[in-house]
1. Checking the table Lys127/Lys157; Lys99/Lys127; Lys46/Lys127; Lys73/Lys157; Lys93/Lys119 against a 31 Å threshold on Cα-Cα, which pairs fail?
2. Taking the Cα centre of region 99-179 as origin, sum charge times position over the Cβ atoms of Lys and Arg (+1) and Asp and Glu (-1), and report the length of that vector in debye to the nearest 20.
3. What is the distance in Å between the Cα centres of region 50-72 and region 115-155?
4. What is the fewest-to-most order of Asp153, Asp88 by other Cβ atoms lying within 10 Å of their Cβ?
5. Taking the convex hull of the Cα atoms, report for region 116-160 its projected area averaged over all directions, in nm².
6. Net charge around Glu41, counting only other residues with Cβ within less than 13 Å of its Cβ (Lys, Arg = +1; Asp, Glu = -1)?
7. Calculate the spin-label point distance for Ile37 paired with His159, positioning each point 7 Å from the Cα along the beta-carbon direction, and give it in nanometres.
8. How do Leu115, Leu125, Leu58 line up, fewest other C-beta atoms within 10 Å first?
Amino acid sequence: MHVARLRVFSSDLAKAFNFSTQNLQTNTYARVSNFSINFLERLLPKVEVVPAVNQIELHPSCTQEELVEYCRKRGIVITAYSPLGSNDSPLLKHEVVNKIAEAHKVSPANVLISLQANKPGVSVLSKSVTHSRIAANATIVDLTEEEVQQLQDIDKKEHFRVCHPNWTGWGSLGFPDCE
């Protein structure tokens, strides 16, 4: 089950979520996408099955640290999408990203993907239609705590979202940086 673009949490929605999860096999899990803390706090008390995964935009200019920690504490795995910050992202040319890439002898894309892969409770989805990039994206490097912090700090001065929730037609979806 994949739940996205939900405007209001009512008891009917919680019933539908529970009904959907009742039909799942025991080795299948419910997941959500683009659920903010606000939405999760409205959903979790009303459902029997806690989502196993919350798929969210995650990269150095959209770290969503509070949401990642919130999910981690509740056993919800984060799946990071847009880890490069989109096609032709300024992150691929960012001084900090390139410095770390040079130190590890990998591409800036590898650093951006590795940032998410180095976080506990986070899986990462990278997208490409080019076979060579798909293969190259499989290279994950172990980043130091200092390198992780340098990358995370990019968000403090250069925050942006690739997929702003406004595309849903329902506003911010509870994300504080979108209100």
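Read-outs throughout are calculated quantities, based only on the coordinates presented, and are distinct from any laboratory measurement. For clarity, every value in this text was computed on a predicted model and none was experimentally measured. With ideal geometry, Cβ positions are generated from the backbone for all residues, glycine too; neighbour counts draw on all protein chains shown.
1. Details: Lys127/Lys157 26 Å; Lys99/Lys127 23 Å; Lys46/Lys127 34 Å; Lys73/Lys157 27 Å; Lys93/Lys119 22 Å.
Correct reply: Lys46/Lys127.
2. Values: 8 positive and 10 negative charges, 75 e Å.
It works out to roughly 360 debye.
3. 14
4. In order of increasing Cβ crowding within 10 Å: Asp88, Asp153.
5. Values: hull surface 16.7 nm².
That works out to 4.2 nm².
6. +3
7. 1.3
8. Going from least to most buried by this count: Leu125, Leu58, Leu115.
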